[in-house]
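The values are calculated or read from the model by the stated rules, or taken from the named source; none is laboratory data. All of these numbers come straight from a predicted model, not from anything done at the bench. Note that we place each Cβ from the backbone using ideal geometry, even for glycine, and neighbour counts take in every protein chain shown. These area figures cover heavy atoms from the full protein model, side chains too; ligands, DNA and RNA do not enter into them. Shrake-Rupley method; radii C 1.70, N 1.55, O 1.52, S 1.80 Å.
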Amino acid sequence: MTETTLYVVRHGKTMFNTIERVQGWCDTPLTKEGQEGIHFLGLGLREVPFAEAYSSDSGRAIETSRIILGEHANGREIPYSIDNRIREWCFGSLEGGYDKEMWGVVPRVLNFQNYDDMIATDVTFKQIAEAILAVDTAEWAEPYDVLKNRVWSGFEDIAHRREKEGGGNVLVVSHGLTIAFLLNLIDAKQPIRAGLQNGSVTKLTYKEGKFSIQEINNVDYIENGKQLSKTILS
């Protein structure tokens with residue numbers, strides 16, 4: 001049986017990423033810079049034999065997937081599906097506000113002076129989820145157990161189905177905090193602040209119900225795509 005490998009990509013840079021606003025279930029499109037970066041990523045991944053591709057149901061993830069598949073050597077033949085379970089966290093009434101505002105409020109709810117003070121400790125994703133839930137006046141944010149089950153079942157189902165069908169590579173486009181959370185669910189030693197860049201690739205293998213982390217936040221595919229683009233244009 002061929003090994004099952006997930007190429008988990010953080011979507012391209014968006015308008016809200018650029019102006020540093022909270023973007024969970026709310027959505028903005030990729031900027032010109034964001035689109036360009038994903039075109040390079042697509043070129044860098046164009047020879048990877050993907051058996052299938054998935055993205056969350058957010059427009060930014062769908063746009064990212066379509067650009068990658070558009071650059072792929074066999075992009076038209078790769079089955080593509082949308083799974084809303086792998087979307088970003090919902091930040092409730094904090095959606096659309098400035099990042100600094102949210103990451104100023106959440107630490108104080110947890111009795112930290114500021115974001116850096118919070119991250120320097122052993123704060124957990126569960127504590128952060130509960131803090132977001134506590135300050136969400138719209139009552140849209142997900143309780144931790146709901147969030148955990150959603151994210152885990154989404155990625156695990158994708159990997160499990162691929163393994164049952166003989167294994168292979170799967171492109172999965174998701175979101176920064178969701179990917180960092182997944183890594184922590186796989187390995188509790190993984191930090192809260194993963195620093196995942198837009199368009200970065202986090203590679204996971206899956207065997208008999210267990211994920212293994214192979215690489216995190218790899219941007220070499222983008223750099224390789226830039227070099228390939230120069231070769232094509234020369």
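Restricted to the range 215-225, and to residues there that are buried (at least 16 other Cβ atoms within 10 Å of the Cβ) and in contact with a helix residue (DSSP H, G or I) (Cβ under 8 Å, 6 or more places away or on another chain), the residue that is nearest to Phe125 (Cα to Cα) is Ile216.
Looking only at helices (runs of 4 or more DSSP H) that lie completely in the range 1-109, which have at least 2 residues being of a type in the set (Asp, Glu)?
Values: elements: 15-18, 32-44, 59-71, 99-109.
Because the criterion is at least 2 residues that are of a type in the set (Asp, Glu), the helices (runs of 4 or more DSSP H) in the range 1-109 that meet it are 32-44, 59-71, 99-109.
Within the range 120-137, can you find the residues that are over 20 Å from Lys148 (Cα atoms) and modelled with pLDDT under 95?
To start, the set of residues in the range 120-137 that are over 20 Å from Lys148 (Cα atoms) comprises 120-121, 137.
Residues satisfying the conditions are Ala120, Thr121.
Only residues that are within 23 Å of Gly24 (Cβ to Cβ), open to solvent by 20 Å² or more (accessible area, probe 1.4 Å) and of a type in the set (D, E, K, R) were counted in the range 58-82, giving 2. Within the range 50-68, the residues that satisfy the criterion of being under 14 Å from Asn169 (Cβ atoms) and touching a strand residue (DSSP E or B) at 6+ places or on another chain (Cβ under 6 Å) are Phe50, Ala51, Glu52, Ala53, Tyr54.
Here Ser93 clears all of (1) among the hydroxyl-bearing types (Ser, Thr, Tyr); (2) within 20 Å of the chain's Cα centre (by Cα); (3) within 23 Å of Phe125 (Cα to Cα) except the condition numbered (2). Is it fair to say Ile86 is touching a residue at least 40 places away in the same chain (Cβ under 8 Å), open to solvent by less than 40 Å² (accessible area, probe 1.4 Å) and over 30 Å from Tyr144 (Cβ atoms)? No. Scanning the range 159-188 for residues that are closer than 21 Å to Gly24 by Cβ and more than 11 Å from the chain's Cα centre (by Cα) yields Asn184, Leu185. What are the residue pairs meeting all of these: first residue in the range 216-234, first residue among the polar types (S, T, N, Q), second residue part of a helix (DSSP H, G or I), Cβ atoms under 7 Å, and 6 or more apart or on different chains? From residues that are among the polar types (S, T, N, Q), the pairs are Asn224/Gly44; Ser229/Phe40; Ser229/Leu43. Restricting attention to the range 192-214, does a residue exist that is at positive phi, in contact (Cβ under 8 Å) with a residue 24 or more places away in the chain and either open to solvent by less than 60 Å² (accessible area, probe 1.4 Å) or among the β-branched types (Val, Ile, Thr) (or both)? Yes - at least one qualifying residue is present in the range 192-214. Please work out which one of (1) closer than 24 Å to Asp57 by Cα; (2) polar (S, T, N, Q); (3) exposed (fewer than 15 other Cβ atoms within 10 Å of the Cβ) is the condition Thr231 fails and give its number. Of everything listed in (1) closer than 24 Å to Asp57 by Cα; (2) polar (S, T, N, Q); (3) exposed (fewer than 15 other Cβ atoms within 10 Å of the Cβ), Thr231 misses just condition (1).
Test Ile192 against the stated conditions and say whether it is modelled with pLDDT under 95, closer than 22 Å to Gly24 by Cβ and in contact with a helix residue (DSSP H, G or I) (Cβ under 8 Å, 6 or more places away or on another chain). When the stated conditions are applied, Ile192 passes them. Evaluating Ser55 against the criteria (1) buried (at least 19 other Cβ atoms within 10 Å of the Cβ); (2) among the polar types (S, T, N, Q); (3) free of Cβ contacts under 8 Å to residues at least 60 places away in the same chain leaves one unmet condition, (3).
Residues are listed down the side, and each one gets a yes or a no for (1) within 24 Å of Arg85 (Cα to Cα); (2) surrounded by fewer than 17 Cβ atoms within 10 Å (Cβ to Cβ):
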{"position": "Asn111", "(1), (2)": "no, yes"}
{"position": "Thr121", "(1), (2)": "no, yes"}
{"position": "Ala129", "(1), (2)": "yes, no"}
{"position": "Ala134", "(1), (2)": "yes, yes"}
{"position": "Glu142", "(1), (2)": "yes, no"}
{"position": "Val151", "(1), (2)": "yes, no"}
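Against the conditions (1) at pLDDT 95 or above; (2) more than 29 Å from Gly104 (Cβ to Cβ); (3) among the polar types (S, T, N, Q), Thr2 satisfies every one except (1).
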